[in-house]
1. In segment 91-120, which residues are within 16 Å of the ligand (Cβ to nearest atom) and within 18 Å of Glu149 (Cβ to Cβ)?
2. Inside segment 17-41, can you point out the residues that are within 13 Å of the ligand (Cβ to nearest atom) and either of a type in the set (S, T, N, Q) or over 23 Å from Cys152 (Cα atoms) (or both)?
3. Within segment 248-267, work out how many residues are hydroxyl-bearing (Ser, Thr, Tyr) and touching a helix residue (DSSP H, G or I) at 6+ places or on another chain (Cβ under 9 Å).
4. Is one or more of the residues making up segment 160-167 within 16 Å of the ligand (Cβ to nearest atom), buried (at least 17 other Cβ atoms within 10 Å of the Cβ) and in a helix (DSSP H, G or I)?
5. Test of understanding: among Ser175, Ser114, Ser107, which residue is within 17 Å of the chain's Cα centre (by Cα) and not hydrophobic (A, V, I, L, M, F, W, C)?
6. Take Lys140 and tell me if it is away from the ligand (no atom under 13 Å from the Cβ) and free of Cβ contacts under 8 Å to residues at least 60 places away in the same chain.
7. Is it true that some residue in segment 48-67 is free of Cβ contacts under 8 Å to residues at least 40 places away in the same chain, more than 28 Å from Val159 (Cα to Cα), more than 16 Å from the ligand (Cβ to nearest atom) and out of contact with any strand residue (DSSP E or B) (no Cβ under 9 Å at 6 or more places or on another chain)?
8. Just to verify a result, which residue in segment 11-50, among those that are of a type in the set (Val, Ile, Thr) and within 14 Å of the chain's Cα centre (by Cα), is surrounded by the fewest Cβ atoms within 10 Å (Cβ to Cβ)?
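The values are calculated or read from the model by the stated rules, or taken from the named source; none is laboratory data. Remember, predicted model here, so these are calculated numbers, not experimental data. Cβ sites come from the backbone with ideal geometry, for glycine too, and all protein chains shown count toward neighbours.
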Amino acid sequence: MENNENMNSIDNRPIGFFDSGVGGLTVLDKFKKVLPEENFLYFGDTKHMPYGEKSEEELINFADKIFKFFETKNVKAVVMACNTTSAVTYEKLKNQYNFKIYPIIQSVAKILASENYSRIGILATPATINSHVYKKEIAKYNPNMEVVEMACPEWVKIVEEGREKDEESEKFISSRLAKMLWWGPEKIVLGCTHYPYLLQNLSKYTERNRFIDPSIHFAQYIKDDLTKCGKLSSGNKGTEEFFVSSSPENFVNAGKMFYNIKTSPELINLD
Ligand code: DGL
């Protein structure tokens, strides 16, 4: 009875969305298609990227400040679009705010685990790989799936600085991918939101559909959960506002491959 009542109710407050920079735009892009009536507030912590090379203490501190910022905006939920923060901070922070937090890795692991692959690869930041959260979460649902993990330092900076086409960048990208391909995984998960920007580079070395962008599953998961909790919006225009902690212009330029940012990002100092 209660569930049915929930499913019929609506909540038109915005959803907070965050990542270290432009990476989360690859996720937002999918969310806009699946949840067209939601209003989003996107925070890109460009001042502190790359997150993948930060300590747990630093990452908790950044995430906490961003969550407190979202509290002032009266959001109904926050999407941790960032794999690194989901891996390193979610367990510590999940019950500390007055909204539900959705972490990308823990939300998509069950769906990845339900696919019929014997071996999959995970490409992610050093912090995500060191946490082994992808491996642990997938093992909860499918202990027989072999998960091969590979850290890709530098890739995030290549994206944030728009250096995808440089020769030097190509070497960084191809050498890490070659190591992963050596393991022969059937599918390779792009376990960092910045990596879909590199798909053109990556698909020179293996077929494009070998890569999985987990944000597609993530968007559907959240739609289902918001529906279940009676928190979907209805009749909203599907607006978005952007906030960054440094260099709004770089954010717009680096992000344009995935997102047409129509409103100027607001510069916010949370330190
Ligand atoms: N894009 C984020 C992730 O999904 C973090 C990248 C970074 O800043 O290192 O892990």
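1. Residues satisfying the conditions are Pro103, Ile104, Ile105, Gln106, Val108, Ala109, Leu112.
2. Restricting attention to segment 17-41, the residues satisfying the condition of being within 13 Å of the ligand (Cβ to nearest atom) are 17-28.
Scanning segment 17-41 gives Phe17, Ser20, Thr26.
3. Here is the first cut: in segment 248-267, the residues hydroxyl-bearing (Ser, Thr, Tyr) are 259, 263-264.
Checking which are touching a helix residue (DSSP H, G or I) at 6+ places or on another chain (Cβ under 9 Å) leaves us with 259, 264.
Summing the residues that are hydroxyl-bearing (Ser, Thr, Tyr) and touching a helix residue (DSSP H, G or I) at 6+ places or on another chain (Cβ under 9 Å) in segment 248-267 gives 2.
4. Looking through segment 160-167, at least one residue is within 16 Å of the ligand (Cβ to nearest atom), buried (at least 17 other Cβ atoms within 10 Å of the Cβ) and in a helix (DSSP H, G or I).
5. Working: Ser175 fails: within 17 Å of the chain's Cα centre (by Cα); Ser114 fails: within 17 Å of the chain's Cα centre (by Cα).
None of the others qualify; the one that does is Ser107.
6. Values: away from the ligand (no atom under 13 Å from the Cβ): yes; free of Cβ contacts under 8 Å to residues at least 60 places away in the same chain: yes.
So Lys140 fits the description; yes.
7. no
8. Kept after step one, since they are of a type in the set (Val, Ile, Thr), are these residues of segment 11-50: 15, 22, 26-27, 34, 46.
Those left that are additionally within 14 Å of the chain's Cα centre (by Cα): 22, 26-27.
On the way: Val22: 31, Thr26: 25, Val27: 27.
The residue in question is Thr26.
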